[in-house]
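**Q** Before anything else, here's the structure in question.
The values are calculated or read from the model by the stated rules, or taken from the named source; none is laboratory data. Predicted model only: the values in this text are computed from it and were never measured. In this analysis, Cβ positions are derived from the backbone assuming ideal geometry, glycine residues included, and neighbour counts consider all displayed protein chains. Side chains included, ligands, DNA and RNA excluded: accessible areas come from the protein's heavy atoms. Shrake-Rupley method; radii C 1.70, N 1.55, O 1.52, S 1.80 Å.
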Amino acid sequence: MLKCYVINLKRRKDRFRKISSHLHSLGIKFTRFEAVDAQTTPLSILMKNMNRFGPLGELGIGDRACFQSHYKLWEKISVSDTLPVLILEDDVRLTKPGVKLLKNFSWIPKDINIIKCERFGNNRHRILVRPIKKIDEFYSISLLLSKHSGTGGYIITPKGAKLLINQKKKVSVSVDHYLFNPNNSFIFNQLKPLQLIPVICEQMDSYSDIHPLRYKFSFFSINDLLREVIRGFYEIRLLPKQLFQLVFTNAKVIKPKILD
């Protein structure tokens with residue numbers, strides 16, 4: 001069975017109980033990894049390796065704490081693990097077919113960095129991928145070519161963790177955009193994230209501890225309006241390249257589905 005870490009805030013014992021019950025019911029052993037708490041952690045630590053502003057505007061302390069939580073876990077994995085591991089956030093639901101897939105992980109290519117295992121967004125959301133490998137009659141892995149946010153569930157190798165923590169350039173976006181958004185991540189092309197299809201998990205809690213800590217948008221703020229213009233630019237700047245990939249390669253647009 002693939003080793004599993006669950007990121008959880010110390011004060012969110014309710015979430016820990018819920019995901020513990022869920023994973024135990026599926027027969028999955030896991031290690032709890034304590035998340036960085038935005039409410040108690042000094043800003044100097046939250047700002048570590050991060051810029052104040054980025055293409056999506058100024059990051060709130062919740063997004064910074066989330067990034068630092070994952071970063072700390074990457075540091076641990078880079079020195080203590082030798083095989084790929086599964087990282088879950090504490091509001092994730094894992095599927096039963098997904099558990100079977102995790103029991104024998106010989107399907108994971110040896111020279112990869114990261115595999116996104118979840119779906120994110122509403123039912124209209126589509127992603128651009130390039131098929132890489134068929135795992136079995138149900139599952140396959142593809143190269144992710146467009147934005148697919150969320151860090152609720154992903155597989156990372158020690159090699160991928162080392163790549164992420166050895167970066168010298170400061171990060172300017174939230175952790176999910178950093179890992180899975182080519183529009184505004186400087187590491188994306190080097191990281192080469194893969195997408196598991198169908199997905200094996202999704203986040204279930206519609207309320208996040210991060211959302212209340214984000215800056216509120218105001219139509220009366222010039223800075224906020226300018227930020228939305230810049231955000232829009234980054235959302236479409238790779239569209240010509242992605243259209244080329246769609247037309248002239250074996251890339252395809254898919255709707256991420258979950259197999260229960």
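**Q** Out of the total accessible area of the chain (probe 1.4 Å, heavy atoms of protein only), what percent is carbon and sulfur?
**A** 57 percent
**Q** Also, quick follow-up: Kindly report, to the nearest 10 Å², the accessible surface of TYR139 as traced by a 1.4 Å probe over protein heavy atoms only.
**A** 10 Å²
**Q** Please compute the net charge surrounding TYR139, taking Lys and Arg as +1 and Asp and Glu as -1 over other residues with Cβ under 15 Å from its Cβ.
**A** Net of charged neighbours comes to +4.
**Q** Using the Karplus curve 6.51 cos²θ - 1.76 cosθ + 1.60 with θ = phi - 60°, work out ³J(HN,Hα) for each residue of the stretch 244-260 in order, rounded to whole Hz, and write x for Gly and Pro.
**A** Karplus-based 3J(HN,Hα) across the stretch 244-260 equals 4, 4, 5, 7, 10, 10, 8, 5, 8, 8, 10, 9, x, 10, 10, 9, 8 Hz.
**Q** Separate question: For GLY57, list long-range residues whose amide hydrogen, built 1.01 Å from N in the peptide plane, is under 5 Å from its own amide hydrogen.
**A** The list, which skips near neighbours in sequence, is empty: none.
**Q** Local charge sum around VAL36 (other residues, Cβ-Cβ under 9 Å, Lys/Arg +1, Asp/Glu -1)?
**A** Value of the local net charge: 0.
**Q** So, one more: Give me the distance in nm between label points sitting 7 Å out from Cα along the Cα-to-Cβ direction at HIS22 and THR40, one decimal.
**A** 2.4 nm
**Q** Next question, about the same structure. Using the Karplus curve 6.51 cos²θ - 1.76 cosθ + 1.60 with θ = phi - 60°, work out ³J(HN,Hα) for each residue of the stretch 197-202 in order, rounded to whole Hz, and write x for Gly and Pro.
**A** 9, x, 7, 10, 7, 7
**Q** Show the residues, 5+ positions off or on another chain, whose built amide H is closer than 5 Å to the amide H of GLU202.
**A** Excluding prolines and chain starts, which carry no amide H, the hits are ARG93.
**Q** Report, to two decimal places, the Cα Rg of the chain normalised by 2.2 N^0.38 Å (N = number of residues).
**A** 0.99
**Q** When averaged across all projection directions, what area in nm² does the alpha-carbon convex hull of the stretch 59-199 cover?
**A** Over all viewing directions, the stretch 59-199 projects a mean Cα-hull area of 8.7 nm².
**Q** Mind giving me the nanometre distance, one decimal, between the label points for ASN104 and LEU246, set 7 Å out from Cα along Cα→Cβ?
**A** 3.7 nm
**Q** Among VAL247, GLY60, THR82, whose Cα sits farthest toward the positive end of the charge dipole of the chain (+1 at Cβ of Lys/Arg, -1 at Cβ of Asp/Glu, about the Cα centre)?
**A** After comparing all options, I get THR82.
**Q** Can you list residues from other chains, or at least 5 along the same chain, whose modelled amide H is less than 5 Å from the amide H of ILE135?
**A** Under 5 Å from the amide H of ILE135 lie the amide H atoms of SER140, ILE141, each far enough along the sequence or on another chain.
**Q** While we're here: May I ask you to evaluate 6.51 cos²θ - 1.76 cosθ + 1.60, the Karplus curve with θ = phi - 60°, for each residue of the stretch 141-153 and list the ³J(HN,Hα) values in order in whole Hz, giving x for glycine and proline?
**A** Listing the rounded values in order: 10, 9, 7, 7, 10, 9, 5, 8, 5, x, 10, x, x Hz.
**Q** Now for a separate question. Once you treat every alpha carbon in the stretch 59-109 as an equal point and sum by Debye, what is log10 I(q)/I(0) at q = 0.17 Å⁻¹?
**A** -0.74
**Q** Now for a different question. Within the stretch 80-110, whose backbone N sits under 13 Å from a point 7 Å along Cα→Cβ of ILE132?
**A** Hits in the stretch 80-110 for ILE132 at 13 Å: 107-110.
**Q** Please give the net charge around TYR154, taking every other residue with its beta carbon less than 9 angstrom from that of TYR154, where Lys and Arg add +1 and Asp and Glu add -1.
**A** Around TYR154, the charge tally is 0.
**Q** GNM, the chain, Cα, under 10 Å: largest mean-square fluctuation among ARG12, ARG124, ARG93?
**A** Answer for the Gaussian network model of the chain: ARG124.
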